[in-house]
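See structure below.
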Amino acid sequence: GGGGASPIVPWHGYGQGGASWWRNLPTLAMQHRAGSVLAPDWLGCGGSSRPAWTPGDDGEAAEDFFADSFEQWRAQQGLERMHVVGHSMGAIIAVRYAEKYPERVSSLVLASPAGVPHPPSETFQDRINNQPLSLRREIFRTVGNAWDNGYTPQFASRLFGGWLGRSMIQVCLSAARHAHAPRSRPRPRPRPR
């Protein structure tokens with residue numbers, strides 16, 4: 001299809017899923033000429049499959065892993081071209097995708113793109129452990145340990161899965177639709193005489 005008929009495809013950041021765009025999807029769909037917005041999950045995130053990790057520690061191989069999986073997804077969806085919006089680490093993958101498959105990208109938007117050229121001298125856990133003992137420190141330590149063990153914000157939706165996971169997402173989407181609906185003014189109640 002032409003540039004105007006291409007869907008908007010937002011790519012989420014690390015440890016998120018397509019559902020992280022839930023507040024944006026209704027407005028994007030209403031304002032986009034084609035009205036089509038598709039928010040997929042990366043492999044290993046959200047409700048997607050969990051294939052074996054083959055790129056190892058090679059950053060470029062990791063970018064190719066995700067860019068190539070998105071190309072397979074695009075072909076399965078039957079999309080000719082897409083308006084790609086990459087957020088955070090999704091922006092890194094979006095750039096790689098646009099480099100490898102420029103004929104498939106109608107436009108590219110980088111929203112708060114990530115990029116870490118050098119690892120920090122101190123890890124997150126080191127910074128937390130150097131804090132004085134407090135409830136805040138212990139909460140951050142617990143959250144950091146959970147993250148290191150694969151418990152991301154999307155873990156809960158996968159954990160509940162099936163009917164309950166879908167119901168949680170439907171409630172969020174319904175709330176978003178109602179938040180954008182015009183509000184009527186309450187009618188004044190008649191006063192008792």
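The values are calculated or read from the model by the stated rules, or taken from the named source; none is laboratory data. All figures in this text were calculated on a predicted structure; none of them were measured in a lab. Don't worry about glycine lacking a Cβ; one is built from the backbone with ideal geometry, like all the others, and counts go over all protein chains shown. In case anyone asks, the SASA skips ligands and DNA or RNA and just uses the protein heavy atoms, side chains included. Shrake-Rupley method; radii C 1.70, N 1.55, O 1.52, S 1.80 Å.
Specify which of the listed residues (125, 170, 131) is assigned to a helix (DSSP H, G or I), open to solvent by 80 Å² or more (accessible area, probe 1.4 Å) and modelled with pLDDT of 65 or more.
Residue meeting the stated conditions: 170.
Please indicate, with yes or no, whether at least one residue in the range 130-137 is among the hydrophobic types (A, V, I, L, M, F, W, C) and either in contact with a helix residue (DSSP H, G or I) (Cβ under 7 Å, 6 or more places away or on another chain) or within 28 Å of residue 10 (Cα to Cα) (or both).
Within the range 130-137, not a single residue is among the hydrophobic types (A, V, I, L, M, F, W, C) and either in contact with a helix residue (DSSP H, G or I) (Cβ under 7 Å, 6 or more places away or on another chain) or within 28 Å of residue 10 (Cα to Cα) (or both).
Do any residues in the range 33-46 that are touching a residue at least 24 places away in the same chain (Cβ under 8 Å) and hydroxyl-bearing (Ser, Thr, Tyr) have Cβ atoms under 6 Å from those of residues that are in a loop (DSSP other than H, G, I, E, B) and open to solvent by less than 40 Å² (accessible area, probe 1.4 Å), where the two are at least six apart or on different chains, and which pairs are they?
36/7
Being within 19 Å of the chain's Cα centre (by Cα) and open to solvent by 80 Å² or more (accessible area, probe 1.4 Å): is that true of residue 77 here?
When the stated conditions are applied, residue 77 passes them.
Output the number of the condition that residue 22 fails; it satisfies all remaining conditions of (1) open to solvent by 30 Å² or more (accessible area, probe 1.4 Å); (2) in contact with a His (Cβ under 9 Å, 6 or more places away or on another chain).
(2)
Could you tell me which numbered condition residue 65 fails, if it satisfies all but one of (1) farther than 26 Å from residue 149 by Cβ; (2) of a type in the set (A, V, I, L, M, F, W, C); (3) modelled with pLDDT of 90 or more?
(1)
Can you go through 49, 36, 20, 69 and tell me which one is polar (S, T, N, Q) and within 17 Å of residue 107 (Cβ to Cβ)?
After ruling out the rest, the residue left standing is 36.
Evaluate the following for residue 104: is it at negative phi, in contact with a strand residue (DSSP E or B) (Cβ under 9 Å, 6 or more places away or on another chain) and of a type in the set (Lys, Arg)?
Spelling it out, residue 104 is indeed at negative phi, in contact with a strand residue (DSSP E or B) (Cβ under 9 Å, 6 or more places away or on another chain) and of a type in the set (Lys, Arg).
Given the residues 6, 36, which is the only one that is over 17 Å from residue 93 (Cβ atoms), buried (at least 20 other Cβ atoms within 10 Å of the Cβ) and over 16 Å from the mean Cα position of the chain (by Cα)?
Of the residues listed, the single one that is over 17 Å from residue 93 (Cβ atoms), buried (at least 20 other Cβ atoms within 10 Å of the Cβ) and over 16 Å from the mean Cα position of the chain (by Cα) is 6.
What number of residues within the range 90-122 are in contact (Cβ under 8 Å) with a residue 12 or more places away in the chain, within 26 Å of residue 148 (Cα to Cα) and surrounded by fewer than 17 Cβ atoms within 10 Å (Cβ to Cβ)?
5
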